[in-house]
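The values are calculated or read from the model by the stated rules, or taken from the named source; none is laboratory data. None of these values were measured; they are calculated from a predicted model. With ideal geometry, Cβ positions are generated from the backbone for all residues, glycine too; neighbour counts draw on all protein chains shown. Side chains included, ligands, DNA and RNA excluded: accessible areas come from the protein's heavy atoms. Shrake-Rupley method; radii C 1.70, N 1.55, O 1.52, S 1.80 Å.
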Amino acid sequence: MTRLILRRLLASVVVLWLVTLLVFVATLLLPGDPARAILGQQATPERIAALHQQLGLDQPVWQRYLDWLGGVLTGDLGTSTATQGSVNELLADRIPSSGLLLVVAAVLSTAAGLLLGTWSALRRGRAADHTVSAFSLVVAALPEFVIGVALVVVLSTTVFPILPSVTLARPGEPVWTHPEQLVLPVLTLALVVTPYITRMMRATMSEVLDSGYVEMARLKGLPERVVLTRHALPHAIGPVAQVVALQLAWLAGGVVVVEFLFRYPGIGAALIDAVNNRDVEVVQSITLLIAGVYVLVNLVADVLGIVADPKQRTGVSS
């Protein structure tokens, strides 16, 4: 088990290093000049050249990459080319806001997906099963911005105007001071992710419930609750963990659209502003942060899948 975790951890480090290369190259390909974006179109070539030197844009590409990578490894994300402030300070207020949004949405979507999938599998062929399957299929086909707009129409503007359609927090004010403004972004993210977890959990649980060991447990006279919790769920959680990880990792990227839609002051909104302003340091930092969350979630899912699945756990120990 330890060797497996170390191998996965090493692979994750390699992936993150490759991500740094891709992110750095991608930001170089962004159109426009950061110096001209800061000084304006009327700036003279001399002023642009001076700002290039000040920002280090006159250095070779490999030197700029090594400087940036060294800063990342030491916790210094650099200086924003748009505001001339520290990227660490810029993201310090936004990371907790996005983290709160992601954690709440992840907990709700995972719990709802596992419960609905299990409930649907236990009622295969009945009206409840068909209803859950149809609803999850329809919701899974909708993009996140469509779900967000629909929620705004239903719960904020037209049908039941009970929730704010955009974030009400003032600059510098924590978003959790107004809990009602979190409802629509969290619901949007949760509704996008829950159908996939539900469908995977239903399919896996249906297969497990038809297995021989579950049938043997029932023949022994064990209560259905014990059969479900001790024999069915441990074998079903392993395969589902991979799907849950992929969906929760998607949240780190999907939060960009949702935050822009609801004017939520998180890393997603900061990323869009940075791209518009060609703020390379901020784009690099946020993209690397999202990639790090993606890799970490998948690593945790791999370990949990092996721990939860007795078959895989036995194979690893042997």
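Numbers below:
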| quantity | calculated |
| --- | --- |
| Residues satisfying the stated conditions in the range 262-295, i.e. within 21 Å of SER12 (Cβ to Cβ), surrounded by fewer than 24 Cβ atoms within 10 Å (Cβ to Cβ) and aliphatic (A, V, I, L, M) | LEU288, LEU289, ILE290, ALA291, VAL293, VAL295 |
| Top-ranked residue in the range 13-28 [being under 24 Å from the mean Cα position of the chain (by Cα) and modelled with pLDDT under 80; ranked as most open to solvent (accessible area, probe 1.4 Å)] | ALA26 |
| Unmet criterion (only one of (1) out of contact with any His (no Cβ under 6 Å at 6 or more places or on another chain); (2) under 30 Å from PHE262 (Cβ atoms); (3) not small (Gly, Ala, Ser)) for ASP210 | (2) |
| Residue match in the range 207-229 (condition: surrounded by 13 or more Cβ atoms within 10 Å (Cβ to Cβ), among the small types (Gly, Ala, Ser) and closer than 30 Å to VAL103 by Cα) | no |
| Condition check for GLU259: open to solvent by 40 Å² or more (accessible area, probe 1.4 Å), part of a helix (DSSP H, G or I), in contact with a Ser or Thr (Cβ under 9 Å, 6 or more places away or on another chain) and modelled with pLDDT of 75 or more | no |
| Yes/no for GLY254 being out of contact with any Gly (no Cβ under 6 Å at 6 or more places or on another chain) and either over 19 Å from VAL104 (Cα atoms) or not in a loop (DSSP other than H, G, I, E, B) (or both) | yes |
| Helices (runs of 4 or more DSSP H) contained entirely in the range 29-107, each with at least 1 residues that are modelled with pLDDT of 80 or more and within 27 Å of LEU248 (Cα to Cα) | 61-73, 87-92 |
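Let's see how each residue does on (1) more than 30 Å from PRO239 (Cβ to Cβ); (2) open to solvent by less than 30 Å² (accessible area, probe 1.4 Å):
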site: GLN59; (1), (2): yes, no
site: SER80; (1), (2): yes, yes
site: GLN84; (1), (2): yes, no
site: ASN88; (1), (2): yes, no
site: SER97; (1), (2): yes, yes
site: LEU100; (1), (2): no, no
site: VAL107; (1), (2): no, no
site: SER120; (1), (2): no, yes
